[in-house]
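Chemist: What follows is a structure written as structure tokens; I'll ask about it next.
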Amino acid sequence: MNELNIVKFVNGLPKAELHLHIEGTFEPELMFEIAQRNQIALPYDSVEAIRNAYQFSNLQDFLDIYYAGASVLIHEQDFYDLTWAYLQKVHAENVVHVEIFFDPQTHTERGVAFETVIKGIHAALEAGKSKLNISYKLIMSYLRHLDEASAFETLKSSLPYKEWIFGVGLDSSEMGNPPSKFKHVFEASAKEGYKLFAHGGEEGPPEYIWEALDLLKIDRLDHGNRCLEDSLLVQELANRKMGLTVCPLSNLKLKVVKDMHEHPLKKMMDLGLLVTINSDDPAYFGGYMNDNFIAVIDALYLSKSDICKLAKNGFEASFLTEEEKKFWQSQIKEYYNQF
Ligand code: ADE
Ligand code: ZN
């Protein structure tokens, strides 16, 4: 396929996004608009100045700017607008199912109520379901640079909205904040019926992934790149059919990989891992789902069948029902045969 056909092919493919921080979809244009209506001064005088500031040498560099951006979100409408903008964007890319994170503590730490945040996000997700036919699961992430007591408070705040929340995740600064720090709150979260997710092996060592598996008892792993340093771990992840939500453009921007040609995605596929493609924080990393697909297809010379396998994996590793998974996987097969 030539480049034009690849773009067309990826566009038309039904896709599921499983690793997306809603705060990471905050485009500079909307950031300016919301900052203005909330009368908050941004340290930038234009949209271009914001975009120019998006040069990161590691995860922490990015997180500092990401938390600063999120600080203009105050009202329920702000969270609605943020989420709705994301859904419209991915709808145009034929993303039909999303399992997205939000970071309650990023907002509650600034005095914005849990209720305000979740009501805005939930209302937009419901609108996405009815108007755009996008199914969804919502996951609240604990910030790992904060202590476990703060995560416990977040868990408590979430309970009145339990019906709206599918699971808990673990994100933010990985190094120095191992999963073991959150063992008790993950146990308590599971008792409330939440599914369990954690970032692991983005910058952190394979030991952190082992801890996420054995101590946190996660249902899916976010990133997971560094599992490749431990062949026993790779075997374990493959045996468990553990979903790994890989984020190519994020990995490039945060210098997890030096060059997209060196991205481990294809190696991970060949080792039998259930890897999926996701955008992580697309407003900061230069692309949504389709751009992430195209970036790895070009750099790793992926075939049409590799591409379909990745799209199918997105549904396989999702928490849709078996019936829904089968439906989308057969749609992909049909699309493959027709294209
Ligand atoms: N929060 C938002 N994006 C993140 C990432 N890629 N890693 C850890 N925490 C995050
Ligand atoms: Zn992430």
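The values are calculated or read from the model by the stated rules, or taken from the named source; none is laboratory data. Only a predicted model underlies this, so the values are computations on that prediction, with no experimental measurement involved. Cβ sites come from the backbone with ideal geometry, for glycine too, and all protein chains shown count toward neighbours. Accessible surface areas use protein heavy atoms only, side chains included; no ligands, DNA or RNA. Shrake-Rupley method; radii C 1.70, N 1.55, O 1.52, S 1.80 Å.
Chemist: What's the local net charge at I297, with K and R +1, D and E -1, over the other residues with C-beta under 10 Å away?
Modeler: In short, -2.
Chemist: Placing unit charges on C-beta atoms (Lys and Arg positive, Asp and Glu negative, everything else neutral), compute the dipole magnitude of the chain about its Cα centre in debye, rounded to 20.
Modeler: That gives the chain a dipole magnitude of about 920 debye.
Chemist: To continue, here is another question. With θ set to phi - 60° and the Karplus curve 6.51 cos²θ - 1.76 cosθ + 1.60, what are the ³J(HN,Hα) couplings of segment 29-38 in order, to the nearest whole Hz, using x for Gly and Pro?
Modeler: Rounded to whole hertz, the list is 4, 5, 4, 4, 4, 5, 4, 5, 5, 8.
Chemist: Moving on to the next point. Any idea which of Y66, A295, L254 is furthest toward the positive side of the dipole for the chain, if Lys and Arg beta-carbons carry +1 and Asp and Glu beta-carbons -1?
Modeler: Projecting each Cα onto the dipole axis, the largest value belongs to A295.
Chemist: Measuring from label point to label point, each 7 Å out along Cα→Cβ, what is the L271 to E323 span in nm?
Modeler: Once both label points are built, they end up 3.7 nm from each other.
Chemist: Something else about it: Would you compute the Debye intensity of segment 68-178 from its alpha-carbon atoms alone, equal scatterers and no solvent, and pass along log10 I(q)/I(0) at q = 0.19, 0.20 Å⁻¹ to two decimals?
Modeler: -1.00, -1.09
Chemist: Given segment 51-92 reduced to its alpha-carbon atoms as identical point scatterers, what log10 I(q)/I(0) does the Debye formula return at q = 0.22, 0.23 Å⁻¹?
Modeler: Ignoring solvent entirely, the Cα scatterers give -0.86, -0.87.
Chemist: Can you tally the net charge around E33? Count Lys and Arg as +1, Asp and Glu as -1, for every other residue whose Cβ sits under 11 Å from the Cβ of E33.
Modeler: Charge balance in the 11 Å sphere: -3.
Chemist: Further, regarding this structure: Can you give the relative contact order of segment 230-280 as a percent, counting alpha carbon pairs under 8 Å and 6+ residues apart?
Modeler: Relative CO of segment 230-280 lands at 52 percent.
Chemist: Given a Förster distance of 35 angstrom, what is the FRET efficiency for K183 paired with S330, based on the Cβ-Cβ distance and rounded to 0.05?
Modeler: 0.30
Chemist: Among bridges DSSP assigns within the chain, what percent are antiparallel (round to 5)?
Modeler: 0 percent
Chemist: Skip the ligands, DNA and RNA, and give the accessible area per residue of the chain with a 1.4 Å probe, whole Å².
Modeler: 41 Å²
Chemist: Using a basic spin-label model with each label point 7 Å from the Cα along Cα→Cβ, how many nm lie between N133 and R51?
Modeler: 3.2 nm
Chemist: A follow-up question, please. Using every Cα-Cα pair within segment 117-271, state what percent have a distance larger than 21 Å.
Modeler: Roughly 50 percent, once rounded to a whole number.
Chemist: Further question: Based on the mean of other Cβ atoms within 10 Å per residue, sort peptides 293-301, 82-90 so the most packed one is first.
Modeler: Descending packing order for the listed peptides: 82-90, 293-301.
Chemist: Could you compute how fast segment 209-339 diffuses translationally, taking Rh as the Kirkwood radius over C-alpha pairs and applying Stokes-Einstein at 4 °C with viscosity 1.567 mPa s? Give it in µm² per second.
Modeler: 85 µm²/s
Chemist: When the convex hull of the C-alpha atoms of the chain is computed, what volume per residue in Å³ does it have?
Modeler: Convex hull volume per residue, Cα atoms: 128 Å³.
Chemist: With a point put 7 Å past each Cα toward its Cβ, work out how far H145 is from I65 in nm, to one decimal.
Modeler: Taking the two extended label points, one gets 1.5 nm.
Chemist: What is the sum of charges around L143, taking Lys and Arg as +1, Asp and Glu as -1, for the other residues whose C-beta is under 9 Å from the C-beta of L143?
Modeler: Summing Lys/Arg as +1 and Asp/Glu as -1 gives -2.
Chemist: Order of 277-284, 196-203, 254-261, 66-73 by packing, highest average Cβ count within 10 Å first?
Modeler: 277-284, 196-203, 66-73, 254-261
Chemist: With a 1.4 Å probe and all protein chains left in place, how much of the accessible area of segment 107-185 comes from carbon and sulfur atoms, in whole percent?
Modeler: On segment 107-185, the fraction of accessible area on carbon and sulfur atoms equals 51 percent.
Chemist: Ok, one more. So what's the back-of-envelope 222 nm ellipticity for the chain, counting only DSSP H runs of four-plus at -39500 (n - 2.57) apiece and dividing by all residues, rounded to 500?
Modeler: The per-residue figure over the chain is -15000 deg cm²/dmol.
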